[in-house]
Each structure stands twice: as structure tokens, then as C-alpha cells.
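Comments concern the structure below.
Nothing in this text is a laboratory measurement; each read-out follows from the coordinates by a stated rule. All of these numbers come straight from a predicted model, not from anything done at the bench. As a convention, Cβ positions derive from the backbone with ideal geometry for all residues, glycine included, and neighbour counts pool all protein chains shown.
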Amino acid sequence: MIIDQLNEPVPGTSLLSTPTGDAYTDPEIFAREQAEIFEKMWNCVLREDALASPGQWKTVSVGREEIIVVRTRKAGIKAYYNVCRHRGMRVCTSGEGKSKTLQCGYHAWTYALEGDLVAAPNLTSMPDVDRQEYGLKPVHVRTWLGYVWVCLAEDPPSFDETVLGEVSTRFGEVESIDNYGIEGLRCGETKTYDVAANWKLIIENFMECYHCATIHPELTEVIPEFADGLASQRKNGEIHGASFGDDVEGFTVDGSSGVGSLPAIAPGQDRKYYAITVKPQVFINTVPDHVIIHRMFPVSHERTIVVCDWLFMPEVVEQGLDVANSVELFHRVNQQDFEACELTQPSMSSKAYERGGALVPSEHHIEEFHRWWAERLGGDVPVPAASAAAAVSGT
């Protein structure tokens, strides 16, 4: 099978083959990813506290669709396709707002926050119109870790298996992440990055640390073991927290102390960094005094929006404590990583990368990601026709 070929060792070497460059440049492959991955899996779209009161709504992009996420008066948070059921105009034409109802600006079809059609010109003269049937088309919603997660699939995959299962793989048990009390944390800083690179390059970068000694001087000062090239995400679900350096006081840009440890973390989580990839678009990073969460929103085969939140104890945010050194460390890591991805993207269309590249042994978990990606697309994906060694030699 193609998937097996993708993960076979390159003959005569310890290297593994990668997908071919087309996987990162072909708009048709990107469209398949949107349909088979992002539109069928759970996506983390926004913080729950961004919709603090009934009537508040935001629009978000999931795959090729635009979704309204709204806090209702009766049913908590709901989500709908941003499509009027009359003639298809966008119901919400800005990114956010607050209103008692959701009204299309074309013909004034009006919907309750709970989704039902409640008013329209001459609607009373059409008693046969089912107001639920012609209400906004709903999307599945879950809340977890203080975030809103949505799934566009008619029959969504198990949240426990596909989201909580990813956490179990990295933490050993879901309960371990509960020690950080993420639901109760507050956002101290949010930064949005517009990255000129394919979403898979960003995931691959996050999952490995073979590059850390080269481009992350601040990070390897705080976590010296990263300079050895092994990431905190390990093969086959090995549980590993990367330890701070002996003289490092906190996860900050200069190694100085942070803002005090979160109250419920376990002894084994003290002075350690853990990283989790929740496919297809979330990175969770935990350290003793704060949590960093990335959400990715692929825009095209060569552009990805990444939103990064730094979460702290409520009193840290409310008292205006200085978190600049904490934020600056991962902000620099983000900038360094995204620049590397942007410098990689153009080469994906080069003749020198037609047959793909290679993975070294410490990048074994990227192999697992490639296998997952190929399976999600049904195995019919571009893989090397010859070995990576042959591609490098040009034969």
C-alpha cells in the first residue's frame, strides 16, 4: 500500500521518506484536506469567554465553511453555518457582534439565537413553512479547556477518542492535564501570525526538536535537553516532560522566575514543559505557571493563520502582573519556527524536492503524523517514487 511505502526506511540508511513536495503545494490536495480532515474532525475555534453574555457572536472559518458561534439565552453556546436558508447570503457579515436575533441583510429573514426562523417578510401568510426546518443549519459544539470546539461532520467522531485521546497519548491520562486548571485560566496575551506556509509544515516543525539547537537559542537556554534534538513529544506515546536547566527559574525569555506555579500541578509536572499536538490544528504547551495554546486555521495550500494564547491564573491578569518575559519566550519561538516554515515552503515546488525529503530517527513522530495524514486522505497521496537517497543524488 502507498501508506506502507511512505513509512518504509530508505534502503541502506536510517532515514525515512517523506511525502513528495506536491503534498504541500497542490491546491487539489489542500481541498481534499479541507474536506476529509478539517471538515470532519473537531476544531478548536475560540475561547469560551470571548462570548461572555447572551447575544454575543463571532464568525470563524472551518475548512471551506464560515461558522457563526453564538452564546444563546436558553441553550448555551451554539454554532451554525453562516448561510441564510432563503437565498444563501451571509447572515453575519462582520467578524463579531451582539444582537437579540441573527438577521440576514438581504431579505430580512431573522433567526433566534437558538437557530429557529422567527421572522421574515410575509412569513405569517406562509403557515406551511416549518420554522425549525428552515432555521440555521447547526454545527456540533463542545466546550473543553475553556475553548469552543466545533465539528461540521453530520456524524462527528468521538471527542473522547480523537481529542482527549491525543492528550492521553502525551500525558498518560487525561486527568494529568486537569492539574493545570486550564478552564479557569485567563488569557494574558494573544498573538496572531499570518504564516506563508502549508499547515503540515507547521505541525511537522512543532513536533520535532532536531532544529532547536539551530534556531531556538532562548528556548535551549531554558530547556537544555532540546539542544540534543529530541522533542518532548516521543514515539509511541512515551510520556516525557522536558526539564528546565538547573539554573533556570522559570519558562521566560531570560530564565528568570515567572508568576508563581499553578496551584494544582503534580510534583512531576514542576519545572517541566509538556507539548501535545491535537490533530488537526491545536498545540497545547504546559509549563508550571502558564499554558500556551496554538490554533491553526489553514487558508490555502501555502498560507496558514495561527492564533496563540498565553493563559495565566485569573489574579495574574486581573492585577496586571508583568508577564512580558513569559510571553516573549514563546513569541520568539513562534517567530523563529514560522520563518523556518516560510523559507521551506518555496522549496516544496522545486524539482530538487519532487520526490520529497527525509526524516532522521529523532523525527519518528513526524512519520506517525504522515501515516495519519495519508490514512485520512484514503492512502491516495503523493509519495516518493524512489528513495530519498536517490532524490538527493539526483538519480
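Given a 10 angstrom Cα cut-off, can you work out which residue in Gly241, Gly63, Gly184 is the most mobile in a GNM of the chain?
Taking springs between Cα atoms under 10 Å, the residue moving most is Gly184.
So what is the calculated 222 nm ellipticity per residue for the chain, using -39500 (n - 2.57) for each DSSP H run with n of 4 or more, over all residues, to the nearest 500 deg cm²/dmol?
-6000 deg cm²/dmol
If a cysteine in the chain has no other Cys Cβ under 4.7 Å from its own Cβ, put it on the list, ordered by number.
Cys44, Cys92, Cys151, Cys187, Cys308, Cys341
With the dipole of segment 58-127 worked out from charges on the C-beta (+1 for Lys and Arg, -1 for Asp and Glu) around the Cα centre, which of Ile67, Cys84, Asn122 lies farthest toward the positive end?
Ile67
Any chance you could run the full-extension gain for Asp380 through Glu154? It's 0.36 nm times the residue separation minus the Cα-Cα distance, nm to one decimal.
Between Asp380 and Glu154, full extension yields 79.0 nm more.
In nm, what is the difference between 0.36 nm times the number of residues separating Ala352 and Thr214 and their Cα-Cα distance?
Computed gain between Ala352 and Thr214 is 47.4 nm.
About the Cα centre of segment 159-348, what is the dipole size in debye to 20, counting +1 per Lys and Arg Cβ and -1 per Asp and Glu Cβ, all else neutral?
So the magnitude is around 540 debye.
Whole-Hz ³J(HN,Hα) for each residue in segment 46-63, computed from phi via Karplus 6.51 cos²θ - 1.76 cosθ + 1.60 with θ = phi - 60°, x for glycine and proline: what do you get?
Calculated HN-Hα couplings, in order: 6, 6, 4, 6, 6, 10, 6, 9, x, x, 6, 9, 9, 9, 9, 9, 10, x Hz.
Quick one: among Met348, Met89, Met126, which has the greatest mean-square fluctuation in a GNM of the chain with alpha-carbon springs under 10 angstrom?
Met126
Dipole size in debye (nearest 20) for the chain around its Cα centre, Lys and Arg Cβ +1, Asp and Glu Cβ -1?
Computed about the Cα centre, the dipole is about 1600 debye.
For Lys279, which lysines qualify as cross-link partners when the Cα separation must be under 20 Å and same-chain residues fewer than eight apart are set aside?
Lys40, Lys200, Lys235
Kindly write out, for segment 71-80 in residue order, the coupling ³J(HN,Hα) from the Karplus curve 6.51 cos²θ - 1.76 cosθ + 1.60 (θ = phi - 60°), rounded to whole Hz, with x marking Gly and Pro.
8, 8, 7, 10, 10, x, 8, 10, 9, 9
Counting only C-alpha contacts under 8 Å and six or more residues apart, can you give the relative contact order of segment 252-319 as a whole percent?
Worked out over segment 252-319, it gives 23 percent.
Got the relative contact order for the chain handy, in percent, Cα pairs under 8 Å and 6 or more residues apart?
Value for the chain: 23 percent.
Compute the FRET efficiency between Lys191 and Leu321 as 1/(1 + (r/R0)^6), taking r as their Cβ-Cβ distance and R0 = 22 Å, and round to the nearest 0.05.
0.75
Using the beta-carbon distance between Arg303 and His86 and R0 = 25 Å, what value does 1/(1 + (r/R0)^6) give for FRET efficiency, to the nearest 0.05?
The computed FRET efficiency comes out at 0.15.
To the nearest 0.05, what FRET efficiency results for Thr101 and Glu173 with a Förster distance of 51 Å applied to their C-beta separation?
The formula returns an efficiency of 0.70 here.
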